[in-house]
Amino acid sequence: MGDRLDYIGQRIPRKDGPAKATGRAEYTADIRLPGMLVGRILRSPVPHARILNIDVSKAIGLEGVKAIVTAKDAPGIKHGFVETPRYPPDQYPLATDKVRFIGEEIAAGAATDPYTAQEALELIQVEYEPLPAVFDPEEAMRPGAPEIHPTHPKVREPYGNIGGKTETEWGDVEAGFSESHYVRQDRFESHLRTHGYLEPQVTLASFEPGGKLNVWTSSQGPFLKRAKLARTLGLSFSAVRVQKAYVGGAFGGKIDLFSHEFCAALLSMKTGRPVRIETSREEIFSAYRHGQPLIVEIKTGVKRDGTLVAQEVRVINNCGGYRGSGVVIIFLAWGFIMLPYRLPNLKYEGYAVYTNNPLRAPQRGHGAPQVRFAVESQLDIIAEELGIDPVEIRLRNAREPGEQLPNGDNVHNCGLKECLEKAAEHTSFRKRYGQKVSAPSPNTRVRRGIGMGVSSYFGGSLIYPNSSSVVVKMNDDGTVTMLTGALDIGQGAETILCQIVAEELKVPVEEIQVIAADTETTPVDIGVWISGNAYVSGNATREAATRVRRKLLEIAAEKMEAYTGDLALENKSIYVKGSPGKRLTYGELVAASIQRRHGDPIIGEGHWRTMRDEPYHPSLASTKGRWSENYAFDVQVAEVEVDTETGKARLVRAVTAHDCGFPINPLLVEGQIDGQVSMALGHAFLEEVIMEEGRTVTPNWLEYRMPTIHNVAVSEHIDVITEHYEKDRPYRTKEVGEGYVSAILAAIANAIYDAVGVRLYSTPFTPEKILKGLGKIR
């Protein structure tokens with residue numbers, strides 16, 4: 001194969017592009033089965049109450065209604081985003097004794113048409129006993145606040161409604177503060193946003209008479225869904241098959257088990273007919289899982305030259321009526337603080353707090369945007385106080401290649417310093433920062449500023465199912481079939497895995513058939529939520545394809561009486577180096593293998609588990625243990641314009657210098673960067689889920705403003721290559737799907753300050769906040 005790369009690093013179009021562009025792609029909502037029923041879910045209209053009685057008799061008697069289910073019809077098994085001895089499941093798929101947020105699922109019905117299903121819900125009579133409710137996490141923590149759940153028994157402080165706590169420290173923080181030249185403390189807050197996936201939540205379930213449950217659902221991984229459904233329904237894993245359907249976006253919002261998935265399955269089991277439940281956009285805004293706003297309190301001490309000495313951080317998460325991923329984000333927040341800069345002394349506390357809001361889910365970056373907004377904003381404040389250039393203070397503290405992290409991980413070939421230098425040079429940052437220039441417009445009230453942010457993100461960790469496996473098999477005509485459990489939700493998973501197979505076997509990408517994301521027919525895959533596809537699933541693919549390549553070479557060596565080292569692969573054939581006419585096609589080699597090797601049609605298996613020697617994932621409570629073996633680093637620069645009369649700010653230009661190891665497909669990498677810049681732009685200026693007393697008052701796209709083509713900024717990319725793809729060697733390509741939504745948010749905040757001198761301590765960056773900072777409104 002030599003050192004030449006024909007497919008890796010190339011701008012190859014997406015495998016699923018034609019199907020999506022022509023409308024041939026089949027999403028769950030497109031699937032129709034004979035006798036299919038329509039399911040609907042009854043939701044709580046109150047934020048906190050005891051359920052005294054549920055009367056479904058009138059609903060069951062309605063013509064066209066085939067089944068109504070409540071908690072009494074279910075096995076009574078709880079589930080949770082996290083299910084560990086410390087954090088056991090805490091939510092039933094259907095409410096039993098209490099409801100804890102507006103929109104919580106109480107009952108579900110299946111009928112012959114949507115109108116009948118909706119009418120049936122309206123006939124269900126629920127008797128509630130209202131209970132006091134609390135919506136703000138800091139109020140919920142206070143002694144005497146309404147109890148949503150008892151505080152976790154491991155939490156020693158006299159706080160209420162604590163679903164979980166993460167605490168860790170190293171060094172001596174107090175001694176570090178006393179040794180510091182300058183110490184400051186700040187508080188930053190982020191707001192509630194939703195994922196904005198265009199395809200709504202939808203599930204189709206079909207229970208066969210023989211006991212097999214077939215499920216199609218818009219998700220982020222079929223194997224986790226199978227595990228959760230099997231457990232809550234009291235079925236064996238082999239009795240549940242989750243099949244592939246195209247997914248119209250997720251961004252972290254479709255990972256865990258949702259009640260509509262459980263209800264569709266339960267209703268199908270009860271009726272013996274397929275049942276589909278498709279949610280409305282209003283349901284998603286009002287009752288489904290959004291991202292997680294954080295409160296970040298940060299105290300930092302530095303030397304006179306800006307070197308970080310000590311940091312103390314307290315994070316509070318509003319996790320809603322159940323734990324959800326609240327205990328995960330307070331763990332991750334610690335990691336996002338630890339990664340980019342050296343911190344000799346750190347004390348960290350994170351609290352996941354129950355409130356009477358809908359529970360929360362990961363959202364792209366899962367805490368990194370909120371944390372980096374706080375850290376990078378404060379670092380700019382410190383730099384200004386000390387008279388240090390923002391680039392220099394970051395270079396002084398940035399991680400170096402090979403550094404060991406406090407938890408035992410290593411940053412390996414970290415390219416952060418190179419990212420800093422290249423981003424600064426590309427944007428003339430040192431020259432332009434602090435100039436507060438007018439925008440190139442006759443309207444002199446518009447000021448332009450530039451700001452910088454730094455972030456790092458992990459690629460793959462030990463979360464169920466912990467590993468990925470891939471099967472690559474040759475076909476009689478020399479084409480290839482790949483079986484993978486990886487689910488392509490728009491990130492290009494199938495494309496990059498095909499590029500790896502193509503590179504190892506020298507087969508055109510278009511001649512590789514992909515069979516994917518089916519728990520019955522494909523091997524296990526980690527899923528699409530820990531940014532591990534390119535690394536974990538990719539290395540499994542490389543191993544499988546490598547085994548196929550070695551078999552092909554061995555058979556060719558036998559047939560041509562040559563050493564394998566003297567052979568080369570090219571265009572579905574193997575030839576002798578220096579004698580290209582002496583060649584065998586893959587079709588001929590497959591036939592020879594079947595003839596000579598007991599019928600072996602040439603199949604290769606590959607398996608990959610990150611941190612192979614680590615038995616478990618790290619502790620969410622103490623952070624002890626390995627977290628990941630792969631970290632991406634990035635520096636992002638934002639240029640903004642601010643109208644000093646209206647307070648309106650806009651992102652004009654974004655520059656991302658990033659170390660992703662190496663880009664398997666630069667076209668897909670650039671698409672990921674542009675998408676994250678757009679999402680951060682929405683985070684900064686536009687998007688907000690507004691809730692009042694637990695009720696969503698922005699329940700549709702008209703009230704919830706997403707970025708459109710009129711809002712997007714120029715997005716530029718700088719690759720910092722720290723890794724190379726070589727045959728017969730595992731690679732460390734790093735994630736690009738989540739980390740680049742973080743530093744740009746901080747860069748925008750810092751750029752607004754550079755433009756007009758207004759420091760913002762909360763998101764979104766509204767005109768009102770900027771005008772208040774300018775002293776133009778109270």
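Which of the numbered conditions does residue 494 fail, given that it passes all the others? Conditions: (1) of a type in the set (Asp, Glu); (2) out of contact with any strand residue (DSSP E or B) (no Cβ under 6 Å at 6 or more places or on another chain); (3) farther than 30 Å from residue 84 by Cβ. Answer for residue 494: the failing condition is (2). All conditions but one from (1) in contact with a Phe, Trp or Tyr (Cβ under 8 Å, 6 or more places away or on another chain); (2) exposed (fewer than 15 other Cβ atoms within 10 Å of the Cβ) apply to residue 702; the one that does not is (1). Residue 236 fulfils the conditions (1) closer than 25 Å to residue 493 by Cβ; (2) among the hydroxyl-bearing types (Ser, Thr, Tyr); (3) free of Cβ contacts under 8 Å to residues at least 24 places away in the same chain except for a single criterion, (1). Hey, any hits in segment 277-289 for a residue that's in contact with a Ser or Thr (Cβ under 7 Å, 6 or more places away or on another chain), in a strand (DSSP E or B) and polar (S, T, N, Q)? Within segment 277-289 (the criterion being in contact with a Ser or Thr (Cβ under 7 Å, 6 or more places away or on another chain), in a strand (DSSP E or B) and polar (S, T, N, Q)), the answer is no, since none of the residues qualifies.
Could we say that residue 617 is assigned to a strand (DSSP E or B) and within 30 Å of residue 456 (Cβ to Cβ) here?
Numbers: assigned to a strand (DSSP E or B): no; within 30 Å of residue 456 (Cβ to Cβ): yes.
Here the answer is no, as residue 617 does not meet what is asked.
Quick one: how many residues across segment 294-318 are in a loop (DSSP other than H, G, I, E, B) and open to solvent by 20 Å² or more (accessible area, probe 1.4 Å)? Here the count works out to 4.
Which one is nearest to residue 665 (Cα to Cα) among residues in segment 483-494 that are in contact (Cβ under 8 Å) with a residue 60 or more places away in the chain and not charged (D, E, K, R)? Break it down stepwise before answering.
If we filter segment 483-494 for residues that are in contact (Cβ under 8 Å) with a residue 60 or more places away in the chain, which is where we start, we get 485, 487-492, 494.
Those left that are additionally not charged (D, E, K, R): 485, 487, 489-492.
Details: 485: 20, 487: 18, 489: 16, 490: 14, 491: 11, 492: 9 Å.
Out of the qualifying residues, it is 492.
Across segment 567-588, the qualifying residues are those that are touching a residue at least 40 places away in the same chain (Cβ under 8 Å) and assigned to a helix (DSSP H, G or I), and the one among them that is least open to solvent (accessible area, probe 1.4 Å) is 586. In segment 78-118, of all residues being within 26 Å of residue 155 (Cβ to Cβ) and in contact with a Ser or Thr (Cβ under 6 Å, 6 or more places away or on another chain), the one that is most open to solvent (accessible area, probe 1.4 Å) corresponds to 81.
Within segment 47-77, the residues that satisfy the criterion of being farther than 21 Å from residue 113 by Cβ, touching a strand residue (DSSP E or B) at 6+ places or on another chain (Cβ under 6 Å) and surrounded by 15 or more Cβ atoms within 10 Å (Cβ to Cβ) are 49, 54, 70. Is it the case that some residue within segment 257-266 is surrounded by 23 or more Cβ atoms within 10 Å (Cβ to Cβ), touching a residue at least 60 places away in the same chain (Cβ under 8 Å) and under 24 Å from residue 15 (Cα atoms)? No.
All told, residue 254 meets the bar of being surrounded by 24 or more Cβ atoms within 10 Å (Cβ to Cβ) and either not β-branched (Val, Ile, Thr) or not assigned by TED's automatic domain parsing to the domain that holds residue 695 (or both).
Does residue 431 qualify as being at pLDDT 95 or above and under 14 Å from residue 392 (Cα atoms)?
Numbers: at pLDDT 95 or above: yes; under 14 Å from residue 392 (Cα atoms): yes.
Judged against the criteria, residue 431 is a match.
Contact map, segment 296-325: residues that are in the same structural domain as residue 385 (by TED's automatic domain parsing) and at pLDDT 95 or above paired with residues that are part of a loop (DSSP other than H, G, I, E, B) and acidic (Asp, Glu), Cβ distance under 7 Å, separation 6+ or inter-chain. Pairs shown: 321/104; 322/90; 323/90.
In summary, helices (runs of 4 or more DSSP H) completely within segment 377-465 and bearing 2 or more residues that are farther than 13 Å from residue 635 by Cβ occur at 390-397, 429-432. Restricting the first member to segment 356-374 and to residues that are assigned by TED's automatic domain parsing to the domain that holds residue 765, and the second to residues that are of a type in the set (Asp, Glu) and surrounded by 24 or more Cβ atoms within 10 Å (Cβ to Cβ), the beta-carbon pairs closer than 6 Å and six or more apart or on different chains are 364/738; 365/738.
For segment 713-723, what are the residues that are of a type outside the set (S, T, N, Q) and either surrounded by fewer than 15 Cβ atoms within 10 Å (Cβ to Cβ) or not in a loop (DSSP other than H, G, I, E, B) (or both)? Full working, then the answer.
Taking segment 713-723 as the starting set, the residues that turn out to be of a type outside the set (S, T, N, Q) are 713-714, 716-721, 723.
Matches in segment 713-723: 714, 716, 717, 718, 719, 721.
The values are calculated or read from the model by the stated rules, or taken from the named source; none is laboratory data. Keep in mind it's a predicted model, so treat the numbers as computed, not measured. We place every Cβ from the backbone using ideal geometry, glycine too, and count neighbours over all the protein chains shown. Remember, those area values only see protein heavy atoms, side chains included, never the ligands or the DNA or RNA. Shrake-Rupley method; radii C 1.70, N 1.55, O 1.52, S 1.80 Å.
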